[in-house]
Amino acid sequence: MNLFFRLLIPMAFVLTPSFVSQSNNLLREHLIQQLQETRKCFGCNLSGMNLSGAKLERIDLRSANLQGANLKNANLRYANLQWADIREANLQGADLTGAILKNTLLTDADLQKANLSASNIEGTDLRNANLSHANLIKALKNNDIQEHNSVTLCETVLPNGLISGRCNQSANSQSDFLSGVN
């Protein structure tokens, strides 16, 4: 075999991950740019996507699949996420002020330090979600939130303005979550 090819083949294996990473970054940037321009992606599949820090204010993501997506520190102010699947997503520090999360699946989602003030969480499935240090002040909710929802509340600002003092525990009943009882 030619000496050139002997040297080139190992280099290809070393460089391939770098090219894949660059390709993924370009795809991510293109997707975010497209979402920012169109402001909608009804029913689209964004599962597992890295949208951390993305500025997606007032975007329409109704019925979108965001399962396992990284939305850490994303700006989703006034976004429409009704009927979206956001299970197991990272929403740490995300700004969801005024967002419509009605009938959204947020099972096992990480919402630590997220801002959900004045958002609509009616019928939202929050089972096993972590809402530690999150802000839910003036969030709209109703009795559709599951009993035994096992939501983690640790110093969470509840819809009624009270702060949950419960840490390292889960809210075991709907009444604890809705009433803001510590």
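The values are calculated or read from the model by the stated rules, or taken from the named source; none is laboratory data. It should be emphasised that the depicted structure is a prediction, and the values quoted were computed from it without experimental measurement. Please note: Cβ atoms are built from the backbone with ideal geometry, for glycine as well, and neighbour counts cover all protein chains shown. Note: accessible area is taken over every heavy atom of the protein model, side chains too, but ligands, DNA and RNA are not part of it. Shrake-Rupley method; radii C 1.70, N 1.55, O 1.52, S 1.80 Å.
Condition test on Asn103, is it surrounded by fewer than 19 Cβ atoms within 10 Å (Cβ to Cβ) and within 25 Å of Leu158 (Cβ to Cβ)?
yes
Can you tell which of Gln112, Gln92 is farther than 18 Å from Gly161 by Cα, open to solvent by 30 Å² or more (accessible area, probe 1.4 Å) and not basic (Lys, Arg)?
Every option except Gln92 fails the conditions.
Quick one: is Lys72 over 10 Å from the mean Cα position of the chain (by Cα), farther than 18 Å from Ala139 by Cβ and not hydrophobic (A, V, I, L, M, F, W, C)?
Values: over 10 Å from the mean Cα position of the chain (by Cα): no; farther than 18 Å from Ala139 by Cβ: yes; not hydrophobic (A, V, I, L, M, F, W, C): yes.
Answer is no for this residue.
When region 76-92 is examined, which residues are found to be polar (S, T, N, Q) and under 17 Å from Gly48 (Cα atoms)?
Scanning region 76-92 gives Asn90, Gln92.
For region 97-130, give me each residue that is touching a Phe, Trp or Tyr at 6+ places or on another chain (Cβ under 9 Å) and of a type outside the set (Ser, Thr, Tyr).
Scanning region 97-130 gives Gly98, Ala99, Ile100, Lys102, Asn103, Leu105, Leu126.
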